[in-house]
1. List the relative contact order of segment 1-153 as a percent without decimals, with contacts defined as Cα pairs under 8 Å and 6+ residues apart.
2. Which distance in Å, rounded to a whole number, links the C-alpha centroids of segment 37-116 and segment 165-212?
3. Give the calculated FRET efficiency between Thr141 and Glu199 to the nearest 0.05, with a Förster radius of 35 Å applied to their Cβ-Cβ distance.
4. Among (i) 34, 18, 16; (ii) 35, 22, 17; (iii) 24, 21, 19, which one is semi-axes √(5λ) of the Cα gyration tensor in Å computed from these coordinates?
5. Considering only DSSP beta bridges whose two residues both sit in the chain, what percent are antiparallel, to the nearest 5?
6. How far apart, in nm, are two points set 7 Å out from the Cα along the Cα-to-Cβ line at Ala63 and at Arg11?
7. Run the quick spin-label model on Glu168 and Glu113: label points 7 Å from Cα toward the beta carbon, then report their separation in nm to one decimal.
8. P(r) for segment 59-101, please, calculated from all Cα pair distances in 5 Å bins and given in %.
Amino acid sequence: MAEALCDSHARLINGPPAPAATVLLAHGAGAAMDSPFMQSMAMGLARCGWRVVRFEFPYMARARQSGTRHGPDRQPLLLQCWRDQVALAATEGPLFIGGKSMGGRMASLLVDELAVEAGVRGCVCLGYPFHPPGKPEKLRTEHLAALRSPCLILQGERDAFGRRAEVEGYDLSASIQLGWLPDGDHSFKPTKRSGVDEEANLALAVQLADQFMASCCPDRSGG
């Protein structure tokens, strides 16, 4: 058995004690689980009736303890951390996985595996890093073409990691739904001149995620 790599006690939990499902969310590469973006999404989904559990990868937990910024862990460690967290959360009822940028990408790499092993119902990616900014040739989409599990990718229309005009030309699985945030960047923030309100984009992201998860939970009551 693989050694547990994530601190199971270092979690932030919002929402009702007996929800239709739990949403397990991981942070992105540069901001922690309690960043304003993660806080907005977690609280919004909790108000919709979902139980939201946030956790941190080991490198971010070390940075919190030391006060020194650390770069992300290598992918195998990130993936094992996800497995550890799912093993814990799957005992608490129906489960979705996802997260911001890198956290969501790691979840999408595992969702088919975890659907079989732990009954994970789907994945929600909040700003998917389709490619590094300025390097559209370095795509991170190979597994997305073959994905079998339901997956929602919420993306700002002008996200430097994958703009709408680019993403709509990618070969993506039919199991993937795309939700667009008007004039949004990687954190769904619009430009001032667009006339779009940032809070409205965050609210729309919550609404789309809520609708997606409800469609995967036919037994959901209320919410």
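The values are calculated or read from the model by the stated rules, or taken from the named source; none is laboratory data. Predicted model only: the values in this text are computed from it and were never measured. Glycine also receives a Cβ, built like all others from the backbone with ideal geometry; neighbour counts cover every protein chain displayed. Quick note on the areas: whole protein, heavy atoms, side chains included, nothing else; ligands and nucleic acids left out. Shrake-Rupley method; radii C 1.70, N 1.55, O 1.52, S 1.80 Å.
1. Working: 274 pairs, mean separation 36.3, N = 153.
24 percent.
2. Using only Cα atoms to place each centre, the spacing works out to 20 Å.
3. Details: r = 30 Å, r/R0 = 0.87.
Efficiency for this residue pair is about 0.70.
4. (iii)
5. Working: 4 of 28 bridges.
In the chain, DSSP labels about 15 percent of beta bridges as antiparallel.
6. 2.3
7. 3.4
8. So the P(r) values, bin by bin, are 5, 19, 20, 23, 18, 11, 4, 0.
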